[in-house]
Amino acid sequence: MVERKHVIKLKKLFSAGGEGINLAQSILCSIALGEKLPPHLHESREARRILYGFRRYRFIRHVAGENTNVLTPKGENKLQDILIDEVMIKNPKKWDGKWSLVMYDLPIRFKKARDAFRWKLKDLGFFKFQKSAWIYPYPCEGEILFVADFFGVRRHIEILEVDKILDDKKLKTYFGL
């Protein structure tokens with residue numbers, strides 16, 4: 001189940017008019033939060049087309065008595081896909097000198113999850129420190145735990161805060177520190 005706080009954060013991003021934001025994602029977030037869609041949205045041809053598509057692909061279902069839409073399990077999965085794509089780590093202006101080290105040891109049965117988790121770490125800008133150890137110069141525990149939960153590997157990862165690395169010149173160059 002998608003946590004409400006994540007959907008609220010995503011909806012704020014959509015309403016801020018960020019890059020790559022679209023009406024379909026905004027509508028899906030509103031439905032997930034249980035909000036009634038504004039009347040002007042029902043007048044929009046594009047919004048009606050999106051709602052029709054959501055119903056057709058069974059992401060939502062219409063509750064006639066309450067005149068609302070609710071997410072189906074398939075819609076929950078779609079919303080989770082949107083959330084994982086929108087995960088970003090906010091970098092503070094000044095580095096505190098501490099490194100975040102993410103290590104994982106996933107059993108072979110988690111091969112797809114391991115590959116997806118590794119891809120997301122690369123996407124977030126992590127540096128491959130060793131085979132299953134990735135490093136980042138800023139705090140990122142919340143974001144990494146969300147990603148690990150999404151891929152179902154949380155119990156197989158560890159996040160360490162490291163004050164010192166013997167030879168960190170290559171890392172500082174990589175991150176522009």
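The values are calculated or read from the model by the stated rules, or taken from the named source; none is laboratory data. Every value quoted in this text rests on a predicted model; they were computed, and no experiment measured them. Cβ coordinates were reconstructed from backbone atoms using ideal geometry, including for glycine residues, and neighbour counts include every protein chain displayed.
General remarks:
- Condition met for I89 (in contact (Cβ under 8 Å) with a residue 24 or more places away in the chain and part of a helix (DSSP H, G or I)): no
Matching residues to (1) surrounded by 15 or more Cβ atoms within 10 Å (Cβ to Cβ); (2) closer than 16 Å to E86 by Cβ:
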{"site": "D123", "(1), (2)": "no, yes"}
{"site": "F126", "(1), (2)": "yes, no"}
{"site": "A133", "(1), (2)": "yes, no"}
{"site": "V162", "(1), (2)": "no, no"}
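- Residue match in segment 74-87 (condition: in contact with a strand residue (DSSP E or B) (Cβ under 6 Å, 6 or more places away or on another chain), surrounded by 11 or more Cβ atoms within 10 Å (Cβ to Cβ) and assigned by TED's automatic domain parsing to the domain that holds Q25): yes
- Out of D163, D149, sole residue that is in the same structural domain as D105 (by TED's automatic domain parsing), closer than 20 Å to G176 by Cα and of a type outside the set (A, V, I, L, M): D163
- D96 satisfies every condition listed in (1) part of a helix (DSSP H, G or I); (2) surrounded by fewer than 17 Cβ atoms within 10 Å (Cβ to Cβ) except (1).
- Flag for M88 being within 30 Å of V162 (Cβ to Cβ), under 19 Å from the mean Cα position of the chain (by Cα) and modelled with pLDDT under 85: yes
- Hits in segment 53-82 - residues which are modelled with pLDDT of 85 or more and hydroxyl-bearing (S, T, Y): Y57, T72
- Scanning segment 35-55 for residues that are of a type in the set (K, R) and within 19 Å of I82 (Cα to Cα) returns a single hit, R55.
- Test: G75 is among the small types (G, A, S) and not in a loop (DSSP other than H, G, I, E, B): yes
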